[in-house]
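Notes follow once the structure below has been shown.
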Amino acid sequence: MHNRIRPYAWGSRTTIAELLGEPSPSAHPQAELWVGAHPADSSTVVGPDGERALVDVVADDPEAALGGRVRKHLGDRLPFLLKVLAAAEPLSLQAHPSADQAARGFAAEEDAGIPRSSPNRNYKDSSHKPELVYALTEFRALCGFRDPAHTVEILQELGSPRLEHYLGLLSGQPDAGGIRAFFSVGITLPSSALDPLLSDVLACCVDRVREGSRFADEYRTTLELGERYPGDPGVLASLLMNHVTLRPGQALSLPAGNLHAYLSGAAIEIMANSDNVLRGGLTPKHVDVPELMRVLDFAPVAVPLQDGEPGDVPDEVVFATPFPEFRLSRLDLGDEPRTLHHDGPQVLLVFEGELRVERVPDGADAAGGGEALTVPRGRSVWVAAADGPIRVSGPATVFRARDGLSD
Ligand SMILES: [Zn+2]
């Protein structure tokens, strides 16, 4: 496969370049490597008939590409999109719609005649976009709303007189309703009120960090966002959210309606094949607060970090989610070949070492499984449903993306 790089400004200049064995640092930020068949930036596959966009390969023969089971439940598109994500700076504060909200939002924007490529467009397609992020390095994120009683404690300790004025919204109702009230007031404040509030909050953050407050990490993150995005209501929202740091090898899955922002680090990300993002700040991109408010889930959540579970073969660790569109696993392959059985589409992305992959001959009279492919670090292979079982060996660390339907 040949994969496309998205050059968003928050991207790292080293992570993706080094993975691909290209000159590092790169000339421009490299934020995301897209491995898949999203119509906006499809990978291409190099086969016997030359190089073709994967999105076309799938559309031309969905039965061969996806197999009957995936087509029946998930339709005629590749259901997942795999990315390498390299954040040198914080990404926008965002949430993704549910399947229902995405279908309705997409139809409404089509009816309103908003071009799909318009920067003001919320719904680029009609799919929901659950996602899972797997940390390649230490990876920092804001994820979901913190237990409001704990947030009240953190905000009281902050001791910002101007914030005190709003704190009653949360302390008087420490539940999802209180979070909604506080968040919606904060995110819709006019700048005449927001600017002095933020400068007071940030000044208090500086003082508390200097004093070595037990919440210094939380205040430091808010300071970092305040410096990067002055006057942005997302800075205020960060005070309400869980601050998480994933160790390399840990994963985090994000259901629809979960408010999140990735802050720094490199990760593998897998998601339903969609680009539907509703942003609430921390970005120069299109922000639509009323629409974000409609999709947000204000229920406080504990952050469910995953360490993975044993997979199909001994060298595999799977990061399970309830989402049928995708399943991500990591293969730590040695020299010994392993056979992977799957009747749907798969993508294998080599992260370390070199992968050897070949089809397993079907039937006793088959004269070998076709030629073996050697896939170096940073490269990926498309495995169609019709390819049947494959045999893989390393030494290599490989990320395996496939559908997440239960077999
Ligand atoms: Zn997201």
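The values are calculated or read from the model by the stated rules, or taken from the named source; none is laboratory data. If you're wondering where the values come from, they're calculated on a predicted model, not measured in any experiment. So basically every Cβ, Gly included, is an ideal-geometry build from the backbone, and we count neighbours across all protein chains shown. Surface areas here come from the heavy atoms of the whole protein model, side chains and all, with no ligands, DNA or RNA. Shrake-Rupley method; radii C 1.70, N 1.55, O 1.52, S 1.80 Å.
Positive end of the dipole of the stretch 309-402 (Cβ unit charges, origin at the Cα centre): among Ala384, Gly334, Pro314, the Cα lying farthest that way belongs to Ala384.
The spacing between the stretch 278-308 and the stretch 110-155, judged by their C-alpha centroids, is 4 Å. This model, with +1 at the C-beta of Lys and Arg and -1 at the C-beta of Asp and Glu, gives the stretch 274-347 a dipole about its Cα centre of some 500 debye. Backbone amide hydrogens, once placed in the peptide plane, bring Glu131 within less than 5 Å of Leu254, excluding anything fewer than 5 places away on its chain. By accessible area, using a 1.4 Å probe on protein heavy atoms only, the chain has 51% of its surface on carbon and sulfur. Of all lysines in the structure, the ones whose alpha carbon falls short of 22 Å from that of Lys72, not counting any fewer than 8 places away in one chain, are Lys129. Accessible surface computed residue by residue for the stretch 286-407, with neighbouring protein chains in place and a 1.4 Å probe, gives 46 Å² per residue.
Projecting the Cα atoms of Ala37, Pro48, Ala17 onto the charge dipole of the stretch 1-68, computed from C-beta unit charges around the Cα centre, puts Ala17 farthest toward the positive end. Going by Cα centres, the stretch 22-53 and the stretch 163-230 are how many Å apart? So the separation of the two Cα centres works out to 40 Å. Screening the chain for DSSP H helices whose Cα atoms reach 27 Å or more along their own axis and whose mean Kyte hydropathy is at least -1.0 gives 191-210. Rounded to the nearest 20, the Cβ-based charge dipole of the stretch 146-240 about its Cα centre (Lys and Arg +1, Asp and Glu -1) stands at 80 debye. Exposed loop sites were defined as GluC sites (Glu not before Pro) in DSSP loop states (anything but H, G, I, E or B) carrying at most 16 other C-beta atoms within 10 Å; in the chain the longest segment without such a site runs 212-353.
Put simply, the stretch 232-381 fits an ellipsoid with semi-axes of 39, 16, 15 Å; these come from the alpha carbon gyration tensor as the roots of five times its eigenvalues, largest first. About its Cα centre, the dipole of the stretch 126-192 is roughly 240 debye, where the only charges are +1 on Lys and Arg Cβ and -1 on Asp and Glu Cβ.
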